[in-house]
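Each remark here refers to the structure printed beneath this line.
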Amino acid sequence: MEITLQQIVFGVVALMMAVCSVLSVTTGRILRAATALLFVLFGTAGLYFMLGYTYLGAVQLSVYAGGIVVLYVFSILLTRSDKNMNRRIPRGRWFAATVAVVTGFFLTVFLLFTNGFALNTVPALVEQNPAGVGEALVGMDKYGFILPFEAISVLLLACMIGAIMIARKH
Amino acid sequence: MEIHVISYLILSTVMMFAGIYGFFTRRNLLAILISVELMLNATNINFAVFNRYLFPGVLEGHFFTLFGIAISAAETAVAIAIMINVYRNVRNIQTDDINEMKG
Amino acid sequence: MEYTILILLLPVLSFLVLALAGMKMSHRVAGLIGTLSLCAVTVVSYLTAYAYFAMPRQADGTFAQLMPYNFEWLPFTDALHIDMGILLDPISVMMLVVISTVSFMVHIYSFGYMKGERGFQRYYAFLSLFTFSMLGLVVATNIFQMYVFWELVGVSSYLLIGFYYTKPEAIAASKKAFIVTRFADLGFLIGILIYGYYMGTFTFDPAQEDLMQGALMLPWALGLMFVGGAGKSAMFPLHIWLPDAMEGPTPVSALIHAATMVVAGVYQVARLFPLYIAYAPETLHIVAYVGAFTAFYAASVACVQSDIKRVLAFSTISQIGFMMVALGVCTGMPSHEGGLGYMASMFHLFTHAMFKALLFLGAGCIIHAVHSNEMSAMGGLRKYMPVTHITFLIACLAISGIPPFSGFFSKDEILTACFAFSPVMGWVMTVIAGMTAFYMFRLYYGIFWGTENKALHAAHTPHESPLTMTFPLMVLAAVTCVAGFIPFGHFVTGDGLSYDIHLDSTVALTSCVVAVVAIALATFIYVRDRQPVADALARRFPRLHEAAYRRFYMDEAWLFVTKRIIFRMVSTPLAWFDRHVVDGFMNFLAWATNASAEEVQPMQSGRIQAYTVWFLCGIIVLTLLLML
């Protein structure tokens, strides 16, 4: 049993992501949390690349890492919320939340291991052609996604208008 | 040797529960939103992984992930708009302090 | 006979108009509305009576029972249903005439008597309500309709006794009347329920086979109903409310507590008379004994009372006792002569209503003139109030049984029936008749003879009442003079067959002599200012006098029974049980709900994060459950 390069890369990325995601919910500084989130998003994009979904990885990078995190940083700076990050929730609730989370985590992991994924179903690495993705996205045949695509477009439009309406000065 | 599917799933589980933990314990709206993003990403990874490992011939999971990203972008935009609005009104985005609209 | 519905409709309409819009009207308009509607009712009643008795008799010689209206009101089973309707038969038609006449007279009289009173419109509204209820009672087609109107009568009586609601005595009296009669009506209701259960019907003539089956229970049912009747008719020992009811306006006393409502019990017994005579003769005899004792008791109390309305009240009780006795002494064998008492009772009801209303209205004139109920404030009034004096005298002669006034004829029939039943009963009733004559003339002399109370009259000379008040007196006096000659036996008899009233010369002579002796005795004792004999008697038997004056302590006895025994032995433990066990249980429920709500309520914090924690916990539990 030898360790391939891919496994090493995955191990590093996964470790970084796990650490950063824990960090992003435990750190006392909001900006650090946002930065940790950024690294998680980068790692997610890396995972997509490793899975062969290059288009998805690109979208993840541009929309999430490029767009959303910038929005976060902006709003963090706009709302000066850093100073009251240190306020803690009551101890009892924190305890309950932690217990629930830990239990849930181990339960899920237990289920994962007992659920038949043990089979080695890893396919060969196939590069997903972005042109195929585009065709499927606007395709109207059996594996076409034109309807969800349109729905999501309308949703995005509505959200944009909504966001502007909400945030604008009265 | 390839990377086992379970590795991805455990990673996404870690992210998911980290997000849940953050959602439970954070009191800052932005931090809560960050936790939500973590959870969303965890599910997105799951979609992609299942698509790739179980049904490699089709693109459902792939597109679900894509739509998930789009939805989270929309959600973030609206949430941040609301947050800024709230901040403008109460000079605060702590969940405990925003209770004027409580029934 | 469809127009008979007007008899019920007009008073109820008049009540509604007066009750809803009365306060907006002037006194005159309100009074006119009430009086005119009653005038119309009287006319319709007379028409009904004329039309009814002008009908040819049936083949068996009786008058037909008519039901112009009878609709189903509350169906329980096919056989058992409560109807509302109008029943016309000799006694109900006779009662229609009595009630509408007296009520009409009282309406006219009240114009003068209640003039300027506060609540004049309310008074007329209540009078209309009462008239409606009483008329509905007598035309009831079944026992339950009778009960409904019976209670309505009780309510309107309560309202009218408590008319002067600012007077504590009036309030107490109205409450007393309501509670006592209501208490008695409980018996009535239970009787009705037993009757309905065993007879399968509420009508007055159940099917023959039901009667056979339920014959054992029928005496009990009738006895319980008689308890209700005894309450309403002020039979001993439920009579205690009637003397106090005199706190109401005097015309009300005349209408309700002398002429109409108090004879409801007599009417009830008469209505159920065929059942009594055939299936419960023993119960009927109980009625007779209760009536006789009441008559004696009330007569003896009436001899010493000083409040003129109280004297009249006890005289009413005594006379109703006479009617009950007359009903009670009937026997089934032979059916025709044995039913003499029934006829006599109804006859006496009729004549008594007229002359007792006359007495009360006359008393009202007197009270109006001297502003007092006490005999000590009166005396020598005959000069000032000639019309009242003459009419009052006529009524006194009538009630004493002096021919040719109406009371003589009806009382004579009663006494004849009593002698036919048993000589003892006959003699007892004759003696009571003599006592009646005695106390009535004691009253008469006390009011109209003797010296006037100068001190009282100095400020205010008594005067004759206005025409609105004296006119009814004259009408009623005229009726009292001639009513005895009505061939009553042709209209109302126990078995429905025509009966010729013939005076039993022995009985008539005896009762006349007794009455004359009693009047002479009263004249001897009371006609002069000073009453040495009366005072000497009172001194000789101070205990007896005091006891009679205090009505033989019946009120105290009731108070003892209710306060000491019922309240202390039954009500107090019940109240304790109610307060501590029943309420305690309820309070515990409330407390437990409250406490659990207090526990649960913080969970509803509005913190979405807390909710999601629970949400996750729920998911975990569900997952674990699924795994098991």
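Per-residue answers, yes or no, for (1) at the interface with chain A (Cβ under 7 Å from one of its Cβ atoms); (2) in a loop (DSSP other than H, G, I, E, B); (3) touching a residue at least 12 places away in the same chain (Cβ under 8 Å); (4) within 22 Å of A:Q7 (Cα to Cα):
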position	(1), (2), (3), (4)
B:A31	yes, no, no, no
B:L38	yes, no, yes, no
B:R52	yes, no, no, yes
B:H62	yes, no, yes, no
B:N85	yes, no, no, no
Do we have B:I45 as facing chain A (nearest Cβ under 7 Å), assigned to a helix (DSSP H, G or I) and either surrounded by fewer than 23 Cβ atoms within 10 Å (Cβ to Cβ) or touching a helix residue (DSSP H, G or I) at 6+ places or on another chain (Cβ under 7 Å) (or both) here? yes
May I ask you to say which residue of C:A288, C:A234, C:A280 is at positive phi and not basic (K, R)? C:A234
Contact list please: Cβ distance under 7 Å, first residue in the stretch C:480-495 and without any contact (Cβ under 8 Å) to a residue 24 or more places away in the chain, second residue among the aliphatic types (A, V, I, L, M) and crowded, with 20+ Cβ neighbours inside 10 Å, pairs at least six apart or on different chains. C:P487/C:I501
Can we say B:I93 is at the interface with chain A (Cβ under 7 Å from one of its Cβ atoms), in contact with a strand residue (DSSP E or B) (Cβ under 7 Å, 6 or more places away or on another chain), over 27 Å from A:V99 (Cβ atoms) and at pLDDT below 85? yes
Restricting attention to the stretch C:104-117, does a residue exist that is surrounded by fewer than 23 Cβ atoms within 10 Å (Cβ to Cβ), out of contact with any Ser or Thr (no Cβ under 7 Å at 6 or more places or on another chain) and in a helix (DSSP H, G or I)? no
Quick test for you: out of A:I76, A:I164, pick the one residue that is at pLDDT 80 or above, under 27 Å from B:E37 (Cβ atoms) and in the same structural domain as A:A34 (by TED's automatic domain parsing). A:I76
Between C:M354, C:M323, C:M346, which is touching a Gly at 6+ places or on another chain (Cβ under 8 Å), buried (at least 24 other Cβ atoms within 10 Å of the Cβ), among the hydrophobic types (A, V, I, L, M, F, W, C) and in a helix (DSSP H, G or I)? C:M323
Count of the stretch B:40-57 residues which are among the aliphatic types (A, V, I, L, M) and over 17 Å from A:F49 (Cα atoms): 2
Every residue in the stretch C:218-256 that is more than 11 Å from the chain's Cα centre (by Cα) and in a loop (DSSP other than H, G, I, E, B), please. C:F236, C:P237, C:L238, C:I240, C:G248, C:P249
Among the residues of the stretch A:86-96, are any part of a loop (DSSP other than H, G, I, E, B), over 30 Å from B:L29 (Cβ atoms) and either modelled with pLDDT under 85 or touching a Gly at 6+ places or on another chain (Cβ under 9 Å) (or both)? no
Collect the residues in the stretch C:176-222 that are at pLDDT 85 or above and of a type in the set (D, E), keeping them in residue-number order. C:D185
Which numbered condition in (1) of a type in the set (D, E, K, R); (2) modelled with pLDDT of 75 or more; (3) assigned to a helix (DSSP H, G or I) is the only one that C:E464 fails? (3)
Restricting to the stretch A:141-170, count the residues that are in a loop (DSSP other than H, G, I, E, B) and surrounded by 11 or more Cβ atoms within 10 Å (Cβ to Cβ). 3
Residues that are farther than 17 Å from C:E151 by Cα and hydroxyl-bearing (S, T, Y), drawn from the stretch C:163-183: C:Y164, C:Y165, C:T166
So, restricting to helices (runs of 4 or more DSSP H) that lie completely within the stretch C:537-614, which ones have at least 1 residues that are exposed (fewer than 10 other Cβ atoms within 10 Å of the Cβ)? C:542-549, C:583-600
Conditions first: (1) buried (at least 24 other Cβ atoms within 10 Å of the Cβ); (2) closer than 30 Å to C:D500 by Cα. C:M385 passes all but one, so which condition is the exception? (2)
Given the criterion over 17 Å from C:F438 (Cα atoms) and at pLDDT 80 or above, identify the matching residue among C:I519, C:I486. C:I486
Of a type in the set (A, V, I, L, M), loosely packed, with under 14 Cβ neighbours inside 10 Å and closer than 30 Å to A:P90 by Cβ, is that true of C:V621? yes
Let me confirm something: among B:V58, B:V14, which residue is part of a loop (DSSP other than H, G, I, E, B), aliphatic (A, V, I, L, M), within 7 Å of chain A (Cβ to nearest Cβ) and surrounded by fewer than 23 Cβ atoms within 10 Å (Cβ to Cβ)? B:V58
Unmet criterion (only one of (1) modelled with pLDDT of 85 or more; (2) within 18 Å of B:S35 (Cα to Cα)) for A:L47: (2)
Check whether at least one residue in the stretch C:408-426 is under 20 Å from C:C303 (Cα atoms), of a type outside the set (K, R) and in a helix (DSSP H, G or I), and report yes or no. no
Restricted to the stretch C:192-217 and to residues being assigned to a helix (DSSP H, G or I) and in contact with a Gly (Cβ under 7 Å, 6 or more places away or on another chain), the residue surrounded by the fewest Cβ atoms within 10 Å (Cβ to Cβ) is C:D210
Taking the stretch A:1-39 and keeping only residues that are more than 7 Å from every other protein chain (Cβ to nearest Cβ), of a type in the set (S, T, N, Q) and part of a loop (DSSP other than H, G, I, E, B), one is left with A:T27
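The values are calculated or read from the model by the stated rules, or taken from the named source; none is laboratory data. Here the structure is a predicted model, which means the values were calculated and not measured. With ideal geometry, Cβ positions are generated from the backbone for all residues, glycine too; neighbour counts draw on all protein chains shown.
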